[in-house]
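**Q** Encoded as structure tokens, here's the structure I'll be asking about.
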Amino acid sequence: MRNLVCTLAGVMLAVGSAVAANLAQQEALPVPGDRYAMAARVDEVLAAARTEAEVQPAAVASDGEFLRRASLDLTGVVPRVSRVREFLTDENPAKRMDLVAELLDSPRYATHMATTWRNRIVPAEVEQANMRESLALEKWLRTRFAKNLRYDNIVGGLLATGGDELGPALYFRANDLAPEKLAASTSELFLGVKLECAQCHDHPFADWKQRDFWGLAAFFARVEGSDTMQMQADFRIRDRDSGEVTLPDSDEVVPPKFLGGDEVPDGRRQSRRVQLTIWMTERDNRLFSRAAVNWAWTHLFGEPLVTAVDLPREQQSAVHADLLDELANYFVATKFDFKNLWLVLASTDAYQLSSDHPQSSSTDPLDPQLFAHMLPKPLTPEQLYDSLVLLSPRSTSLNTQAMGDELQEDPLRAEFVRRMRTPAGSPVDFQAGTLQALLLMNGNTTTEITSDEQGRLLTALTAPYMRSGQQVETLFLATLARQPDSNERNLAEQMLEETANDEQRTEALSDLLWALVNSTEFAFRR
């Protein structure tokens, strides 16, 4: 029986992303107002670039592939099997856009965005050492994403946090309250500018000078923690009345200065930090809006439109730079509405392309900047854990932390995420090693989910009215959001039919579920 399981797993690995049948191109459906026009403009620009490069786009993704993709991108988990069945049989031509709107209205959207942004804001080692504040920051972010608060207001609230904001204070603690660290982090996260190289000397590849770096750092020179800094529960942020930065190896004081702008005099009513926040998030700050859109594009497509928003035009694709400008203008015009931006990007033909392409595995690979097919992305540790939990262990040891309105620490989840964490890199780079693979194959989380004694999904599959074909189909829908192909179905049903009794059959179903959750296809968003 184990041989059949291994054979089935091998077939799935070999078939890879080609297992889902491609559907015919859907008829473009208008969406209200400028949203549809913006999505159409994106496709127009990308289509022209592909035509010039003489590259044909991939076919449209199957319904199952799109459902799983959008669910993971927007809510961080695979869809429930009942939702998969409903979506695959739905004949409404607008069902994909209806799905995106449904996902954005889900509580899981806010939770996923909060987790994603917490991971961007706070390094893993700081998060683990300050768990209470990390949870407070995630809850703070979740509340704002749930309300669809304007992005400029979210960033403003984080950077201009006052004495009563426990969660956002972790961002400052994570950077040791050091002006130079806060300047480097803030410029990269919210302006898309990697300024660290200008800390010690003028930037070698951009126009930023050393004084630009320290002029930005000066805005954080007066930030300090509360007197009870050693008490995590009471750590707060405030601004002193004085404090300056100096150029390295000198006594020369550098006054606060906006990037690419003038020096800023101290205000009587506003702290330096508040003045920076106001400048950073204003409508006319092109760095701010372009950086936000470039991140959102990367989140959905796995590849940024431009590698750096501050590079000179001659050093980047003019087509993509212009498209980023148009999307940034739209983002500003729609009042920094992230949900609206997600709807635009998910409405594009580009987002609905399959991950399969004739050239994707050839010796002459596609230029990812053509966005001619969807780039597969490995699931994050949080996506893996929360998706595994959705497969419903009966025990209470794996709680549904991501589902509730309140974020509470789940020690099993925290340990799983810690052990599965890989070095930072491109979202499409698979960096998991042997230890992560062993954890997935033999760890407590996978064991509980695939156990024939604990798994609720397996308990449901052992109902007397369930036939072999139905059991196999349900497992594939629950894990991969698709039907098994003929080869997979035959192997799996043969394995079930060779069992001698109910106990062996349940064990065989457990083995099949184990093979599915350890497959490459499950570990990736396609």
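The values are calculated or read from the model by the stated rules, or taken from the named source; none is laboratory data. On a predicted model such as this, the values are computed, not experimentally measured, just so you know. Cβ sites come from the backbone with ideal geometry, for glycine too, and all protein chains shown count toward neighbours.
**Q** Here is a list of conditions, (1) surrounded by fewer than 22 Cβ atoms within 10 Å (Cβ to Cβ); (2) assigned by TED's automatic domain parsing to the domain that holds residue 72, and residue 346 meets all of them except one; can you say which number that is?
**A** Going through the list (1) surrounded by fewer than 22 Cβ atoms within 10 Å (Cβ to Cβ); (2) assigned by TED's automatic domain parsing to the domain that holds residue 72, residue 346 breaks only (1).
**Q** Can you tell me which residue among 489, 467, 456, 505 is buried (at least 20 other Cβ atoms within 10 Å of the Cβ) and either modelled with pLDDT of 70 or more or more than 27 Å from the chain's Cα centre (by Cα) (or both)? Don't jump to the end; show me each part of the working.
**A** On the way: 489 fails: buried (at least 20 other Cβ atoms within 10 Å of the Cβ); 467 fails: buried (at least 20 other Cβ atoms within 10 Å of the Cβ); 456 fails: buried (at least 20 other Cβ atoms within 10 Å of the Cβ).
Step by step, each of 489, 467, 456, 505 is checked, and only 505 is buried (at least 20 other Cβ atoms within 10 Å of the Cβ) and either modelled with pLDDT of 70 or more or more than 27 Å from the chain's Cα centre (by Cα) (or both).
**Q** Another question, if that's okay. Counting only residues that are free of Cβ contacts under 8 Å to residues at least 60 places away in the same chain, under 23 Å from residue 36 (Cα atoms) and in a helix (DSSP H, G or I), how many does the stretch 72-108 have?
**A** Residues meeting the conditions: 7.
**Q** I'd like to verify a number: residues in the stretch 117-135 that are crowded, with 20+ Cβ neighbours inside 10 Å and either at pLDDT 95 or above or not charged (D, E, K, R) (or both), how many? Explain how you work it out, then say what you get.
**A** Narrowing the stretch 117-135 to residues crowded, with 20+ Cβ neighbours inside 10 Å: 117-118, 121-122, 127, 133-135.
Narrowing further to those that are either at pLDDT 95 or above or not charged (D, E, K, R) (or both): 117, 121-122, 134-135.
Qualifying residue count for the region: 5.
**Q** Pull up the stretch 296-338, narrow it to residues that are over 12 Å from residue 38 (Cβ atoms) and among the aromatic types (Phe, Trp, Tyr), then point me to the one that is surrounded by the most Cβ atoms within 10 Å (Cβ to Cβ).
**A** 297
**Q** Considering only the stretch 361-375, I want to know if a residue exists there that is of a type in the set (Ser, Thr, Tyr) and either under 20 Å from the mean Cα position of the chain (by Cα) or part of a helix (DSSP H, G or I) (or both). Write out each step before concluding.
**A** Going residue by residue through the stretch 361-375, those that are of a type in the set (Ser, Thr, Tyr) are 361-363.
Remaining after also requiring either under 20 Å from the mean Cα position of the chain (by Cα) or part of a helix (DSSP H, G or I) (or both): none.
The answer is no, given that none of the residues of the stretch 361-375 is of a type in the set (Ser, Thr, Tyr) and either under 20 Å from the mean Cα position of the chain (by Cα) or part of a helix (DSSP H, G or I) (or both).
**Q** Determine, yes or no, whether residue 267 is surrounded by fewer than 19 Cβ atoms within 10 Å (Cβ to Cβ) and of a type outside the set (Lys, Arg). Write out each step before concluding.
**A** Values: surrounded by fewer than 19 Cβ atoms within 10 Å (Cβ to Cβ): yes; of a type outside the set (Lys, Arg): yes.
So residue 267 fits the description; yes.
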